[in-house]
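The values are calculated or read from the model by the stated rules, or taken from the named source; none is laboratory data. The structure presented is a predicted model; accordingly, all values stated were derived computationally and were not measured. Methodologically, a virtual Cβ is constructed for each residue, glycine included, from the backbone with ideal geometry; neighbour enumeration extends over all protein chains shown. The protein model used for the area step is the full one, side chains on, heavy atoms only, and it has no ligands, DNA or RNA in it. Shrake-Rupley method; radii C 1.70, N 1.55, O 1.52, S 1.80 Å.
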Amino acid sequence: MRRFLSALLAAALVLSAATPAMARHHAPAAPKADKASAAAAQPAEQAPLLRIGLTSGQPSVTVAAGGRAEARTESAKPVALTATASYEIRWQNGAFLVGREKLRGEILIIRPSDKSDGGLALDGRRYRGALELRHRGAGLTAVNIVPVDDYLLSVVPEEMPTDWPAEALKAQSVAARSFALKSRGRHAAEGYDLCTTTHCQLYKGIASEKTVSTAAVRATRGEVLTYGGQPIEALFHTDSGGMTESSEDVWGSHVPYLRAVRDTPLGTMPWTKTMSKADLEQKLAAKGHAIGRLRAIELSPLAVGRAAKDRTASGRVKAMIVTGTKGSVTLSGNAWRSLLGLKSTLFSAKLTKDSVTFTGFGAGHGLGISQWSAKRLAETGKSYADILHHYYTGVTLQTDSY
């Protein structure tokens, strides 16, 4: 939320900045695992592994283990790490320096050698799973190799308040798991699957974990939303304002499971933003739209769930025209949202002598789960499966994916 892309259209720039996570296009294929990564990896009966980019371009990092651990490369003997010490790691003359030990190789893997729950700390922040270090460009790139469910233990409480109903937290867990599996390879060019920000999903490691959200993740283990046999890009946003959106009205491309659906009540999370005409004129000019002095705004009245020539079926703005003394400009609702910092595209606009007031509902891009509406559905007795099927059209809740 609080409380969650790169896309082919300019509108996607809005989504990557929205709360919570992000709307993005289909992820590229996952990168092939190399031998050193595989060595870090997979115990029997393990959940699928994700590669989470933690840092990049660092001259050095500090690693500490919560229990016994070892560091190894593909061409050097492993070095034992003790739980009582921190180790500075840097790249020097074709080798990793781990404290005073030199390990030659291209990839350094650090993994626990016991079953301690203390995890591995990178620069003071602890993570489950293993750490991978590579020398890339001007510095080190650090990647957390972690089972998807252990990853979710941090993601779910970052993306949804943990005092919300258990069924809402379970719905969030399944959506976050589905999104993560669909998005593997999203950052393949950087050497990992997902980042730690709302561009992907918020991830801060062990310190974020909470008992109730951990229970929700565990209760839905192996459950993934699929369409056509594949995990879906299970997007979510803060509040729909009364109706979610269809993908083509945000991205410009049709995704069959991201269809507009009604929520109740309508007109939730109302908001207002007022700015001076001069401020709006300056913001437009900075983007290459010098309209002069603002004279008029053309936009149909707002009614949630009612389409118009310049509004989608949910009532969100498709396009708004402003006219000034030097001409007019037409921008999409998403472009206006990004330019002016509006909470959603479900808004109206009123021009007065010296200012413009935007009044709207909801928060976020409007695709997929409306988190506040999911909370309300859970409070009325709906199950997490009911919630998921309400927001994602024609999907299958696969319960034994691993």
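Annotations for the structure displayed:
- Spacing of the modelled spin labels on Lys115 and Thr211, each 7 Å from Cα toward Cβ, amounts to 2.3 nm.
- Value at 222 nm in deg cm²/dmol, rounded to 500, when DSSP H runs of n ≥ 4 in the chain each add -39,500 (n - 2.57): -6000 deg cm²/dmol
- Computed with a 1.4 Å probe over protein heavy atoms only, the accessible surface of the range 312-402 comes to 39 Å² per residue.
- Surface composition of the chain: carbon and sulfur atoms hold 51% of the protein heavy-atom accessible area at a 1.4 Å probe.
- Sequence ranges 245-258, 86-99, 283-296, ranked by mean other-Cβ count within 10 angstrom, highest first: 245-258, 86-99, 283-296
- Probe 1.4 Å, all protein chains present, accessible-area order of Leu202, Leu388, largest first: Leu202, Leu388
- Rolling a 1.4 Å probe over the heavy atoms of the protein chains gives the range 137-213 an accessible area of 26 Å² per residue.
- If you take the Cα centroid of the range 181-200 and the Cα centroid of the range 279-318, the two points sit 33 Å apart.
- Dipole check for the chain: with +1 at the C-beta of Lys and Arg, -1 at the C-beta of Asp and Glu, and the Cα centre as origin, the magnitude is about 920 Debye.
- The average projected area of the chain, computed from the convex hull of its Cα atoms over all directions, is 21.0 nm².
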